[in-house]
Ligand code: M6R
């Protein structure tokens with residue numbers, strides 16, 4: 001849930017690490033800190049809040065580590081911000097993950113006289129290292145013994161005041177080494193150093209080691225491992241705003257290209273994957289948050305187009321289904337980051353039952369990509385805004401194409417998706433943008449917004465509500481049109497905004513009746529539809545895309561949420577309490 005970065009080399013480590021940390025802010029931004037080897041001392045600085053555009057001048061150094069935090073253990077405060085230190089401040093540690101047995105470890109260490117300053121789980125790592133160093137171990141061995149005692153997940157970086165090296169260890173949290181011509185980076189995500197190198201080693205679980213003049217990687221038993229770096233084809237421009245005010249805006253507008261890129265795989269590859277779906281004995285689509293909603297939307301498309309039933313399960317609930325799994329089950333794990341703990345945990349459980357795993361992810365170097373049997377990349381390029389926009393529609397595009405291909409209609413599927421991508425020009429035309437901006441003004445002070453849809457638009461209503469909640473902090477809920485009258489209608493009163501997805505498909509008549517039901521109770525009805533209807537108080541015009549409707553119809557609501565957030569003075573790229581990849585369960 002946090003971002004970590006370290007650098008050792010010939011350039012100024014403090015500057016490089018601080019710059020890289022700013023690019024990791026999407027992983028957590030409630031506080032940050034840096035530790036710099038300054039002669040034979042450790043200089044440190046910690047701050048509450050996001051780094052934002054802050055500039056600091058730190059001592060020049062060849063070795064530094066840094067951390068941007070999304071709090072798990074201990075409130076948001078300077079003292080709980082990383083780095084954490086041993087009693088003598090000889091060792092500095094930054095950590096992403098959760099040490100589940102930290103209570104017991106802390107108690108043991110306190111009994112031995114260690115003094116703790118913070119409420120974090122991480123601090124035990126620094127004191128354990130100190131304990132082993134005092135026994136006469138070198139830092140490499142001390143780290144090996146320390147990680148043997150840790151339960152939970154960790155990506156750890158360690159520096160010592162007298163050691164010209166950065167030590168690292170990894171389990172269940174991402175960590176990679178960037179090999180530049182002037183030194184080495186170790187970070188949660190290559191985005192942190194992609195302007196220096198795309199030559200990268202992605203570390204595996206239980207690997208530990210250090211970088212000084214070269215990287216040394218060992219397994220948990222101390223056996224050296226030789227890992228070949230791979231080239232990652234991400235470019236810096238993809239991770240920059242390129243003139244847009246916020247990443248969210250840039251990523252909303254990018255969708256006309258990313259949707260097409262998502263389905264630009266070779267036809268044979270798509271056919272091979274659909275065969276897996278066809279031959280499986282039980283197919284489970286799993287994901288979290290928006291990725292889960294993309295699975296849910298797609299399940300309707302699979303049913304309608306491919307006449308295939310797929311199970312859709314929220315990844316965090318999937319473990320309870322493991323009793324149904326067999327070696328013939330196929331799990332389609334959908335995750336932008338490929339690092340979501342709930343998804344990885346579900347996949348591990350499925351693998352224990354020898355089920356096959358197909359990963360649909362945007363990060364081909366992610367843990368999910370590496371532990372799966374088959375991989376279908378989304379090819380959306382880095383998504384920096386914490387909320388998903390372009391990767392949601394990429395997931396929908398890919399899953400839609402799979403459904404069409406399964407029905408033997410690959411070409412038709414591809415045409416529909418290209419049509420949906422082209423429709424974005426109209427949806428986000430200057431005239432339509434202006435109309436959505438006007439609507440944003442009307443909605444910005446509302447307490448509640450409800451979103452309604454049926455069929456393929458049901459999960460779209462859920463996703464629309466999630467987008468609104470995430471960036472505007474307005475309470476929003478999504479419902480199926482039919483469910484509303486079973487209770488929620490009690491919440492509708494005069495001027496309650498209700499966004500109604502009304503595509504011209506088999507749901508049209510019924511969803512319009514549902515719109516009438518809320519209107520009769522005073523609701524302000526916003527129709528997202530190709531056709532105006534007298535029940536709408538506000539009409540968001542969208543093209544009639546038939547089965548590809550869902551891909552395009554979410555886009556005006558993404559833009560609406562973005563506009564409301566801006567009007568309210570919120571930063572849509574960094575919503576409060578959220579992090580881009582949720583690497584804790
Ligand atoms: O990286 P993933 O797709 O696995 O992430 C899943 C969710 O955490 C993510 O979709 C989350 O709900 C976003 N905040 C949605 O905007």
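The values are calculated or read from the model by the stated rules, or taken from the named source; none is laboratory data. All figures in this text were calculated on a predicted structure; none of them were measured in a lab. Please note: Cβ atoms are built from the backbone with ideal geometry, for glycine as well, and neighbour counts cover all protein chains shown.
The numbered conditions (1) free of Cβ contacts under 8 Å to residues at least 40 places away in the same chain; (2) not in a loop (DSSP other than H, G, I, E, B) are all true for residue 327 except (2). Taking the listed residues 280, 262, 306, the one that is outside the structural domain of residue 451 (by TED's automatic domain parsing), surrounded by 17 or more Cβ atoms within 10 Å (Cβ to Cβ), in contact (Cβ under 8 Å) with a residue 24 or more places away in the chain and out of contact with any helix residue (DSSP H, G or I) (no Cβ under 8 Å at 6 or more places or on another chain) is 280, with no other qualifying.
Looking for something more than 13 Å from the ligand (Cβ to nearest atom), farther than 26 Å from residue 573 by Cα, in the same structural domain as residue 258 (by TED's automatic domain parsing) and surrounded by fewer than 20 Cβ atoms within 10 Å (Cβ to Cβ) - is there at least one such residue anywhere in segment 392-406? For segment 392-406, residues more than 13 Å from the ligand (Cβ to nearest atom), farther than 26 Å from residue 573 by Cα, in the same structural domain as residue 258 (by TED's automatic domain parsing) and surrounded by fewer than 20 Cβ atoms within 10 Å (Cβ to Cβ): absent. Scanning segment 447-483 for residues that are more than 30 Å from residue 301 (Cα to Cα) and over 28 Å from the mean Cα position of the chain (by Cα) gives no hits.
Can you tell me which residue within segment 556-573, out of those that are within 14 Å of the ligand (Cβ to nearest atom) and either surrounded by fewer than 23 Cβ atoms within 10 Å (Cβ to Cβ) or over 30 Å from residue 154 (Cβ atoms) (or both), is nearest to the chain's Cα centre (by Cα)? This residue is 572. Inspect all residues belonging to segment 415-424 and state whether any of them is without any contact (Cβ under 8 Å) to a residue 40 or more places away in the chain, within 16 Å of the ligand (Cβ to nearest atom) and in a helix (DSSP H, G or I). Looking for residues that are without any contact (Cβ under 8 Å) to a residue 40 or more places away in the chain, within 16 Å of the ligand (Cβ to nearest atom) and in a helix (DSSP H, G or I), one finds none in segment 415-424, hence no. Within segment 562-574, the set of residues being farther than 13 Å from residue 384 by Cβ and part of a loop (DSSP other than H, G, I, E, B) comprises 568, 569, 570. When the residues of segment 520-534 are narrowed to those that are buried (at least 19 other Cβ atoms within 10 Å of the Cβ) and in contact with a strand residue (DSSP E or B) (Cβ under 6 Å, 6 or more places away or on another chain), which ends up nearest to residue 394 (Cα to Cα)? Going through the qualifying residues, I end up with 528. Scan segment 532-548 and tell me whether some residue there is in a helix (DSSP H, G or I) and within 16 Å of the ligand (Cβ to nearest atom). No, segment 532-548 has no match at all.
Taken over segment 357-367, the criterion of being at pLDDT below 95 and crowded, with 24+ Cβ neighbours inside 10 Å is satisfied by 362, 363, 366, 367. Is at least one residue of segment 371-382 more than 14 Å from the ligand (Cβ to nearest atom), more than 24 Å from the chain's Cα centre (by Cα) and at negative phi? Within segment 371-382, not a single residue is more than 14 Å from the ligand (Cβ to nearest atom), more than 24 Å from the chain's Cα centre (by Cα) and at negative phi.
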